[in-house]
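Single-structure report; data block below.
The values are calculated or read from the model by the stated rules, or taken from the named source; none is laboratory data. Note that the structure is a prediction, hence the values are computed from the model and not measured. Every residue, glycine as well, gets a Cβ built from its backbone with ideal geometry; the counts of neighbours run over all protein chains shown.
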């Protein structure tokens, strides 16, 4: 008799256990539905979207497209904004490589060396040339010997040769400020900038001008140090004008994005 009672008690306990388990599973299922619905209400992917993604995972062997590589070649303004340039270009979906050296015009052997190296690197889809401040200064020195028209024509010929060397790459050319202090020959800057604008206009969908002169014209002490050109003191790197550095990097990144769009080489994602 005791054995029969024990078996009945064990059977009753099992039934109660199964009932409790069924209730627990039912509650868990309801909770899952609530979570999905709550997520959907918050503009998250719907349950159907999630299931489609789970049913068709991306192939592990499928190559991930690399972001387009952008080479930036420039002078002290690039040196002073290396971090900002890289960050601004990455935010636009590009892979930046940046070369900067103070005091170099386009004719400098250092610039020409990197220009040749970039021309050979087929991974580079866009090239930024940001030496116009020193190109303008060099042209001003030549103007005293050959006249301003011939001096600017010499610069234009060098710029056209650089673009030709880069073959089918998208090229972004940054112009020069015409409101800097006299040491940087601002009186010649309008002619230098006209040459840049004409070169860009003659090569639509291939060359883009970044009109830094126009973008920065209304700014002086808020963006620049006392020479109205640089973003911090040379060589101490003190007296930093971060707003100007950020604006310069953003202007170049926007020019790169515009050039890529016009030439049909959109940035990666």
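Give the residues of region 195-214 that are part of a helix (DSSP H, G or I), under 14 Å from residue 128 (Cα atoms) and over 17 Å from the mean Cα position of the chain (by Cα), sorted by residue number.
196, 200
Are any residues in region 179-192 free of Cβ contacts under 8 Å to residues at least 60 places away in the same chain and either surrounded by fewer than 19 Cβ atoms within 10 Å (Cβ to Cβ) or closer than 14 Å to residue 139 by Cα (or both), and if so, which ones? Across region 179-192, the qualifying residues are 179, 181, 182, 183, 184, 185, 186, 187, 188, 189, 190, 191. The residues on offer are 104, 127, 118, and the sole one that is out of contact with any helix residue (DSSP H, G or I) (no Cβ under 7 Å at 6 or more places or on another chain) and either within 20 Å of residue 178 (Cβ to Cβ) or in the same structural domain as residue 255 (by TED's automatic domain parsing) (or both) is 118.
For region 83-99: of the residues being free of Cβ contacts under 8 Å to residues at least 60 places away in the same chain and under 17 Å from residue 231 (Cα atoms), which is surrounded by the fewest Cβ atoms within 10 Å (Cβ to Cβ)?
So, considering only residues that are free of Cβ contacts under 8 Å to residues at least 60 places away in the same chain and under 17 Å from residue 231 (Cα atoms), the one surrounded by the fewest Cβ atoms within 10 Å (Cβ to Cβ) is 83.
Checking every residue in region 218-237 against the condition of being modelled with pLDDT under 95, under 24 Å from residue 93 (Cβ atoms) and part of a loop (DSSP other than H, G, I, E, B) gives zero matches. Here residue 218 fulfils each of the conditions (1) closer than 19 Å to residue 252 by Cα; (2) surrounded by 13 or more Cβ atoms within 10 Å (Cβ to Cβ) apart from (2). Please verify whether residue 129 is outside any strand (DSSP E or B), at negative phi, in contact with a strand residue (DSSP E or B) (Cβ under 9 Å, 6 or more places away or on another chain) and modelled with pLDDT of 95 or more, treating the condition exactly as stated. No, not satisfied. Criterion applied to 77, 52, 115 was being in a helix (DSSP H, G or I) and at pLDDT below 95, and the one residue passing it is 52.
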